[in-house]
Amino acid sequence: EDQVTQSPEALRLQEGESSSLNCSYTVSGLRGLFWYRQDPGKGPEFLFTLYSAGEEKEKERLKATLTKKESFLHITAPKPEDSATYLCAVRPLPYGQNFVFGPGTRLSVLP
Amino acid sequence: DGGITQSPKYLFRKEGQNVTLSCEQNLNHDAMYWYRQDPGQGLRLIYYSQIVNDFQKGDIAEGYSVSREKKESFPLTVTSAQKNPTAFYLCASSRLLVAFFGQGTRLTVV
């Protein structure tokens, strides 16, 4: 069964304290792995797509990496406005399979 | 602006009542989805549609119904058969691999 887990469940950082969020996945084949940011009471906002092991994507203070079993979202020198829930999702093979979402990591960045 | 519009933002339902959540997109996406989000759980798929006039049940379709008469619109009806409907409902659409989401509707049973 296709499955996505995320750790930690919640993370509290001081402003400027870099860290990483983990997304572990079990799928028969991977079409793509996705990271989203979700603010309270809002819909998820798309951040990155990763397609193959070794791939990396960056956006401002965020950098996503992918291996054959997991993905990391690295947050460098975070600011309070980075506080949100970060969701990971995969789209398994074969073509036509729908998204499988993880439960998310709730990030709080304190000033 | 291109995007996905969900309405209303908040909805209150009485016991035994059916309610309909609206989802409209102007992104020209073929596929549309409805998800339910509960605290501490990942998004769970209710229904999805890959093309107009066709839709498929997701993992938790019981107590819900949908229609897809137009490419732009994918309304979700929460029926009285859904015993625990209080949740945050998210509509999404996709053209290739990536899903884009609306801002959600929070449904509360009163």
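Laboratory data are not the source of any read-out in this text; all were calculated from the coordinates shown. Computed from a predicted model, the values in this text were never measured in an experiment. Methodologically, a virtual Cβ is constructed for each residue, glycine included, from the backbone with ideal geometry; neighbour enumeration extends over all protein chains shown.
Label points 7 Å out from Cα along the Cβ direction at A:GLU55 and B:ASP59: separation in nm?
The modelled label-to-label distance comes out at 2.3 nm.
Explain nothing, just compute: Karplus ³J(HN,Hα) = 6.51 cos²θ - 1.76 cosθ + 1.60, θ = phi - 60°, for every residue of segment B:53-69 in order, whole Hz, x for Gly and Pro.
Rounded to whole hertz, the list is 6, 9, 8, 10, 6, x, 6, 9, 6, 4, x, 10, 9, 9, 9, 9, 8.
Partner chain Cβ atoms within 10 Å, averaged over the residues of B:39-52 - can you pull that number for me?
On the way: counts 1, 4, 4, 13, 11, 1, 4, 0, 0, 2, 0, 2, 0, 0.
Rounded to a whole number, the mean comes out at 3.
Only sites in a loop by DSSP and with at most 15 other Cβ atoms within 10 Å count here; which trypsin sites (Lys or Arg not before Pro) in segment B:81-110 make the cut?
In loop regions of segment B:81-110 (DSSP not H, G, I, E or B), the sparsely surrounded trypsin sites (Lys or Arg not before Pro) are B:LYS83, B:ARG95.
From the backbone phi of segment B:17-29, what are the Karplus-calculated ³J(HN,Hα) couplings (6.51 cos²θ - 1.76 cosθ + 1.60, θ = phi - 60°) in whole Hz, Gly and Pro given as x?
9, 8, 9, 10, 9, 9, 9, 10, 10, 10, 9, 6, 7
Taking only C-alpha pairs under 8 Å that are 6+ residues apart, what is the relative contact order of chain B in percent?
Numbers: 282 pairs, mean separation 38.7, N = 110.
It rounds to 35 percent for chain B.
Considering only DSSP states other than H, G, I, E and B, which trypsin sites (Lys or Arg not before Pro) in segment A:5-111 qualify as loop sites with at most 13 other Cβ atoms within 10 Å? Mind showing how you got there, number by number?
Working: sites: A:ARG12, A:ARG31, A:ARG37, A:LYS42, A:LYS57, A:LYS59, A:ARG61, A:LYS63, A:LYS68, A:LYS69, A:ARG106; in loops: A:LYS42, A:ARG61, A:LYS68, A:LYS69.
When the trypsin sites (Lys or Arg not before Pro) of segment A:5-111 are filtered for loop state and at most 13 Cβ neighbours within 10 Å, A:LYS68, A:LYS69 remain.
In whole angstrom, how far apart do the alpha carbon centroids of segment B:1-49 and segment A:1-45 sit?
Taking the Cα centre of each part, segment B:1-49 and segment A:1-45 sit 22 Å apart.
Could you give the semi-axes, largest first, of the ellipsoid that matches chain B, computed as the square roots of 5 times the alpha carbon gyration tensor eigenvalues and rounded to whole Å? Don't jump to the answer; show the numbers that get you there.
Numbers: eigenvalues 95, 39, 35 Å².
With the √(5λ) rule applied to chain B, the semi-axes are 22, 14, 13 Å.
Just to confirm the filter: which GluC sites (Glu not before Pro) across segment B:1-70 are DSSP coil and have at most 13 other Cβ within 10 angstrom of their Cβ? Can you show the working numbers first?
Numbers: sites: B:GLU15, B:GLU24, B:GLU62, B:GLU69; in loops: B:GLU15, B:GLU62, B:GLU69.
Filter output for segment B:1-70: B:GLU15, B:GLU62, B:GLU69.
Through the Karplus equation 6.51 cos²θ - 1.76 cosθ + 1.60, θ set to phi - 60°, convert the phi angles of segment A:9-23 into ³J(HN,Hα) values in whole Hz; use x for Gly and Pro.
5, 9, 9, 10, 10, 7, 3, x, 8, 6, 7, 9, 9, 10, 10
Taking GluC sites (Glu not before Pro) as candidate sites, keep only those in a DSSP loop with at most 15 other Cβ atoms within 10 Å, then name the longest stretch of chain A containing none of them.
Numbers: sites that count: A:GLU1, A:GLU9, A:GLU15, A:GLU17, A:GLU55, A:GLU60.
Longest stretch, sites excluded: A:61-111.
Which of the residue pairs A:LYS59/B:LYS70; B:LYS9/B:LYS71; A:LYS42/A:LYS79; A:LYS63/B:LYS57; A:LYS69/B:LYS83 have a Cα-Cα distance greater than 26 Å in the structure shown? Don't skip to the answer; put the middle values down first.
Values: A:LYS59/B:LYS70 35 Å; B:LYS9/B:LYS71 22 Å; A:LYS42/A:LYS79 20 Å; A:LYS63/B:LYS57 35 Å; A:LYS69/B:LYS83 37 Å.
Over 26 Å apart, Cα to Cα: A:LYS59/B:LYS70; A:LYS63/B:LYS57; A:LYS69/B:LYS83.
Over the alpha carbons of chain A, what is the largest minus smallest coordinate on each principal axis, giving the biggest first in Å?
That works out to 45, 30, 20 Å along the principal axes.
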